[in-house]
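Data first, discussion second: the structure below is written as structure tokens.
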Amino acid sequence: MSNPFRSPLGALLLVLALGPAGQAGAADYTLTVEPNFPPAQIREVYGPLLQYLNRSTGHRFSVRSAANFNQHWRELRAGAKYDFVFEEGHFFDYRHKQNGALPLVRTAENSGFVIAVADPEIAREGRNGIVGRTVASLGAPSLGYVLVFDAFRNPLAQPELRAISSKWSDGPDLVFSGDAEGTVLPLYMAGENPALTEVWRSREVPGRVFSASPELPQEVRQAVAEALARLHEDPEAYAVLTELRTERFVPAEAAPYDGMERLLVNTFGYAPPAPAAAPASPAAATP
């Protein structure tokens, strides 16, 4: 019997059967990310990561993000379906406890935030100087936003946080334009603008988490975890890691994040998540 794939037409049929990734069984998956950037910029920021995952796993990935953090929180509370998610630990802890989201990897760096100002007189007062002052931030309940109010618990001695930034890098511009007297910035941006003075720093918490739905096949979760854990070894990884503002991903476990969901306690709609039985996490990938 002749081999149909020896002909040019047969070879073409084989390529189509294997799909764009060149592997049988390639599937489509969606990566949900926090709205840390305007919608038009999300694909630009996460494009290099999607290309890497497509190439490394043989599957096809697309990215989606809610319009803002309030919508991200609403979808999370409502139990919206997802495949993979990249988000800060307070969201992950809630997602893990609510529906068993499985941690795959996390950023090697912890997460934390600062408030920085440009006015020397405010800077001289330190933390007290920003009480009652307008401070630019991404919206609630982003991690920076909730960490500020976790530290400034007295309603009469808090900065006036304004959700007027569409991305963290907007903050310095809003200060220099006079639209705010200070800005919340993630630690990885804290030293990037020498014209700003740090007056407050949050506690550090475990870094951003890449998690997966427990409904996904174990072999798919494992392939993604391994690909991300060795991302820093890839010759083309620089663009990916630069966009994600991390040096590398490391294997993640749920335990270090236990309790972080309570940072959401003062957020509208919060209710303690009912514990969900989750399957075992994939075997830790070798970094």
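Nothing in this text is a laboratory measurement; each read-out follows from the coordinates by a stated rule. Remember, predicted model here, so these are calculated numbers, not experimental data. Using ideal geometry, Cβ is built from the backbone for each residue, glycine included, and neighbour counts are taken over all protein chains shown.
If you wrap a convex hull around the Cα atoms of the stretch 93-178, how much volume per residue is inside, in Å³?
126
Counting only Cα atoms, I'd like the Rg/Rh figure for the chain, Kirkwood definition for Rh.
1.05
When only DSSP loop residues count, what GluC sites (Glu not before Pro) in the stretch 158-262 have their Cβ near at most 15 other Cβ atoms within 10 Å?
Sparse-neighbourhood loop GluC sites (Glu not before Pro): GLU192, GLU204, GLU215, GLU236, GLU247, GLU253.
Scanning the chain for trypsin sites (Lys or Arg not before Pro) in DSSP loops with at most 11 other Cβ atoms within 10 Å, what's the longest stretch left with none?
204-287
From the alpha carbon gyration tensor of the stretch 130-262, can you work out the equivalent ellipsoid semi-axes (sqrt of 5 times each eigenvalue) and give them in Å, largest to smallest? Walk me through the numbers before you get to the answer.
Details: eigenvalues 217, 75, 28 Å².
Each semi-axis is √(5λ); the values are 33, 19, 12 Å.
Hey, what number do you get for the chain at 222 nm if only DSSP H runs of n ≥ 4 count, each worth -39500 (n - 2.57), divided across all residues, to the nearest 500?
-9500 deg cm²/dmol
Using +1 at the C-beta of Lys and Arg and -1 at the C-beta of Asp and Glu, which of TYR238, LEU156, ILE42 has the Cα lying farthest in the positive direction of the dipole of the chain?
ILE42
How high is the relative contact order of the chain, in percent, counting Cα pairs under 8 Å that sit 6 or more residues apart?
RCO, the chain: 26 percent.
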